[in-house]
Amino acid sequence: MENLSERLNRLSPSATLAMSQKSSELKAQGIDIINMSVGEPDFNTPDHIKAAAIRAIEENYSRYSPVPGYPELKQAIVNKLKNENGLDYKPSQILCSNGAKQSVCNAIMALVNAGDEVIIPAPYWVSYPQMVLLAEGTPVFIEAPIEQDFKITPEQLEAAITPKTRALILCSPSNPTGSVYSKQELEALKNVLLRHERIIVIADEIYEHINYVGAHASMASFPDIKERVVVINGVSKAYAMTGWRIGFIAAPDWIVKGCNKLQGQYTSGPCSVSQKAAEAAFAGDQQCVEDMRKAFERRKNLIVRLAKEIPGLEVNDPQGAFYLFPKCSSYFGKSDGNRTINNSTDFAMYLLEVGHVATVGGDAFGSPDCFRMSYATSDENITEAMRRIKETLSKLK
Ligand code: PMP
Ligand code: GLU
């Protein structure tokens, strides 16, 4: 009898990956789809990083690594945190995993008991609430609409906290909105958290380097809360290494030990060759990061300009990551005579099937008035996608 566990039945599939899959299927049928659904850099991994991986294979990095990662990789991460973020961590406070996705999940599984509440600002990255559900916790959402540049206020945070609150997951720069919390904004949230000792901050900084405001602000930079912060980061976005699957946490020893125990029973240390590549990424020349960041910034300016020319879309000016998250609810209730758009999932499906542009509806991000476009694609693709979207939406009356 087909009978999956209740734990699994509680989960929804990843909407970002599902939409990307659908777009690939249509492409395989010969339909010219522009894929703006999944969020991953379109660049190839830089050559010096690939060379390090080739060397690692030749040098027989083919055996199990220590569960938290090779000492050299952890040291490269410690150095990165010191040099780029001004943060002091010991190698024992670093644990590398199969992508930042596993890092977030490890932290949640290590910290959240059944019935614990985890505060998640909405819009959120699709996987956070699902991971909390996996841990039998309760996601508690704080709505941060476009009028607030999709950022929560200290007052909202205070109001959402209860004696059951165990963690806050804060993503800056944000997927899906591109919003970036300034140091002052983080400090104001931190001051609320200081009043509630039980709460751990899971600070997802995977888009740290894709930042258009200059310096990146980390919640761990405040000494009075650092002992309660789990920093999440990795190589996927900054170094165009999504397929290599290396992420890490930097956290207090007790949390790292807990995650180590979990990972030791679940997946072991991440891929040995990828670890050597990640070490080269962190320790090597950082010019590639800046080159890609500049390209993303140029594309951001392009997509924001073109999106603002489309009637009925409301757009913020994202300050990081590579997503645009326009409000599209003015189209709800409209029809082209055949199809009526009732929600953001209908909206994204219409753009895919009629306009041949793959995006993701906002429902999966907890923001049903919006939809997400990843602009990690060429200027030509962005320009053509926005032309198609404009033309497609003009059919809706
Ligand atoms: N956090 C956020 C906000 C993301 O967008 C992603 C990208 N999937 C991840 C974590 C995970 O990244 P990865 O597992 O590829 O390192
Ligand atoms: N972070 C990317 C996204 O949001 C990758 C897909 C995923 O892991 O969900 O599209």
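The table below lists the values:
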{"read-out": "Hits in segment 227-247 (condition: crowded, with 20+ Cβ neighbours inside 10 Å and either part of a helix (DSSP H, G or I) or more than 16 Å from ligand 2 (Cβ to nearest atom) (or both))", "value": "R228, V229, V230, V231, W244"}
{"read-out": "Condition met for A348 (in contact (Cβ under 8 Å) with a residue 60 or more places away in the chain, small (G, A, S), more than 15 Å from ligand 2 (Cβ to nearest atom) and in contact with a strand residue (DSSP E or B) (Cβ under 7 Å, 6 or more places away or on another chain))", "value": "no"}
{"read-out": "Qualifying residues in segment 85-107 (those that are closer than 22 Å to R7 by Cβ and within 15 Å of ligand 2 (Cβ to nearest atom)) - the one surrounded by the fewest Cβ atoms within 10 Å (Cβ to Cβ)", "value": "K101"}
{"read-out": "Residues within segment 198-212 that are in a loop (DSSP other than H, G, I, E, B) and touching a strand residue (DSSP E or B) at 6+ places or on another chain (Cβ under 7 Å), tallied", "value": "8"}
{"read-out": "Members of segment 125-170 that are touching a residue at least 60 places away in the same chain (Cβ under 8 Å) and among the polar types (S, T, N, Q)", "value": "S127, Q130"}
{"read-out": "Subset of segment 64-91 that is part of a helix (DSSP H, G or I) and of a type in the set (S, T, N, Q) - its residue that is nearest to Q102 (Cα to Cα)", "value": "Q75"}
{"read-out": "Among the residues listed as Y64, Y124, the single one being farther than 18 Å from T267 by Cβ and in contact with a Ser or Thr (Cβ under 9 Å, 6 or more places away or on another chain)", "value": "Y124"}
{"read-out": "Selection status of N35, closer than 27 Å to S374 by Cα, within 16 Å of ligand 2 (Cβ to nearest atom), in contact with a Cys (Cβ under 7 Å, 6 or more places away or on another chain) and not acidic (D, E)", "value": "no"}
{"read-out": "Verdict on N338 being surrounded by fewer than 20 Cβ atoms within 10 Å (Cβ to Cβ), out of contact with any strand residue (DSSP E or B) (no Cβ under 6 Å at 6 or more places or on another chain) and not in a loop (DSSP other than H, G, I, E, B)", "value": "no"}
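None of the figures in this text is laboratory data; all of them are computed from the coordinates on show. Quick caveat: nothing in here was measured; it's all calculated off a predicted structure. Note that each Cβ is placed from the backbone with ideal geometry, even for glycine, and that neighbours are counted across all protein chains shown.
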